[in-house]
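These notes are about the structure you will find just below.
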């Protein structure tokens, strides 16, 4: 069934491209281009040649290997964009890093948007119309924004004017495409909201980003709880551990850091020479208090 579906996609793609080449009717051509713009084809990476005008020539091999590993595990979430150059050959327009990583991962077919030459204005119109569709998820909107910027050479400012959104909104969506494939997949499946994704996108440390993502999914954390958890990790990294003006012992610091991670709050430990002391948890709202209590009592 899978093979038949792929064959149908390929036949439909070939039919669209053939009809576009044959027709001289502007209205009919525009309609065909719209259909092509919204279609995703499965293409062998070996059929795609790199754009000779690609300004970027150097790629970090370690980062490519990490991306290849993710693609092999979760698949390629964001399609590349190619231009048909006749027969079964295509030229890459955008996504060379994704293409290289897919080849390294040994992927036999990757998702791709296929374009025809000299249809810039039509492409822009079709993509803007597509963004207005209510059923699009956050990742699909992000991919459409990225396509507009890459293929229509728009800045964030120009794009925000085209789609009628604040520039910050556009930037927040595009940042989702920098998230690891497993997080993007969760957004695509509707398991992670835009609010959760935006919070995770603000984490620069990849291992920490994945750790918080896993905890978010495992415990069904709210957006506010995720933000509190992130702040707790940041306070561990930035705030020196002090007790009565002196640095606490490594053992106490380890306990303090563990409590902060487990409760998603800022934790302070103070102890005097006799061994007596206090542990302080800081929260900023009723929801934060309820979350803290649930963690301390083991109520998941």
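The table below lists the values:
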item: Burial ordering of 265, 280, fewest other beta-carbon atoms within 10 Å first; result: 280, 265
item: Gain upon complete extension [residue 103, residue 166; 0.36 nm per residue less C-alpha separation]; result: 19.0 nm
item: Burial ordering of 292, 76, fewest other beta-carbon atoms within 10 Å first; result: 292, 76
item: Residue exposure sequence - 216, 155 - by fewest surrounding Cβ within 10 Å; result: 155, 216
item: Extension gain (nm, one decimal) between residue 50 and residue 158, 0.36 nm per residue minus Cα-Cα; result: 36.1 nm
item: Potential lengthening between residue 210 and residue 88 on full extension [0.36 nm per residue; Cα-Cα distance subtracted]; result: 40.1 nm
item: Separation of the residue 72 and residue 272 label points, Cα + 7 Å toward Cβ, nm; result: 6.0 nm
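Values quoted throughout were computed directly from the atomic coordinates according to the rules given, and no laboratory measurement underlies them. Being a predicted model, the structure only gives us computed values, none of them experimental. With ideal geometry, Cβ positions are generated from the backbone for all residues, glycine too; neighbour counts draw on all protein chains shown.
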